[in-house]
Amino acid sequence: MGRLVEAAKVSELGDNAKKKVVLEGQEILLARVGDKYYAVGNRCTHLNGDLSEGKLEGTIITCPRHQSQFDLKDGSVVRWLKGQGVVSRIGGALKSSRPLKTYKVTVEGDAVLVEI
Ligand code: FES
């Protein structure tokens with residue numbers, strides 16, 4: 001078991017809110033969907049797109065660079081790149097899909113804690 005580190009206050013994250021946090025050198029995307037909190041690696045596994053700038057729909061985050069999608073529940077790849085264009089074909093050939101790292105999140109009082 002890792003160490004619990006405070007990532008945010010409960011009051012900072014409304015429903016469907018997300019934010020980038022850096023905890024012990026690790027860039028993490030923290031999100032709240034309904035009454036659940038999720039934490040995943042903030043950098044897209046394709047070419048390091050900043051997922052905190054992506055679109056969050058339910059638990060699905062879309063990378064702002066080439067629109068790969070990941071499920072915050074388990075970090076799994078929902079869609080690897082978008083479309084059939086040259087960029088997608090080349091990008092898919094150069095890098096195969098990889099899930100995001102996930103982190104366990106717990107809430108204690110007003111603190112949202114991430115296990116590092
Ligand atoms: S960097 Fe995220 S899909 Fe390319």
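Points worth noting:
- Since only Gly49, Val21, Ser96 are under comparison, the one whose Cα sits farthest along the positive direction of the charge dipole of the chain, derived from C-beta charges on Lys, Arg, Asp and Glu, is Ser96.
- Put simply, region 27-79 fits an ellipsoid with semi-axes of 16, 11, 9 Å; these come from the alpha carbon gyration tensor as the roots of five times its eigenvalues, largest first.
- Distance between modelled label sites at Arg3 and Ala111, nm, 7 Å Cα→Cβ extension: 1.3
- Using the Cβ of Ala8 as centre and a radius below 13 Å, the other residues enclosed give a net charge of +1, where K and R count +1 and D and E count -1.
- When the convex hull of its Cα atoms is projected in every direction, mean area for region 4-115 (nm²): 6.5
- Rounded to the nearest 20 debye, dipole of region 4-115 from Cβ charges on Lys, Arg, Asp, Glu: 680
- Mean Cβ neighbour count within 10 Å, used as a protection proxy, ranking 56-65, 11-20 highest first: 56-65, 11-20
- Remark: spin-label model distance Ala17-Asp50 equals 1.9 nm, labels positioned 7 Å along the Cα→Cβ axis.
- Selection from Leu72, Gly34, Ser11, by position along the positive dipole direction of the chain (Cβ): Leu72
- Order of Ser68, Ser76 under a 10 Å beta carbon neighbour criterion, fewest first: Ser76, Ser68
- Modelled this way, with points 7 Å down the Cα-to-C-beta line, the labels at Lys104 and Lys73 are 2.0 nm from one another.
No lab work stands behind these numbers, since they all come straight from the coordinates. As the structure is a prediction and not an experimental result, all values here were calculated from the model. So basically every Cβ, Gly included, is an ideal-geometry build from the backbone, and we count neighbours across all protein chains shown.
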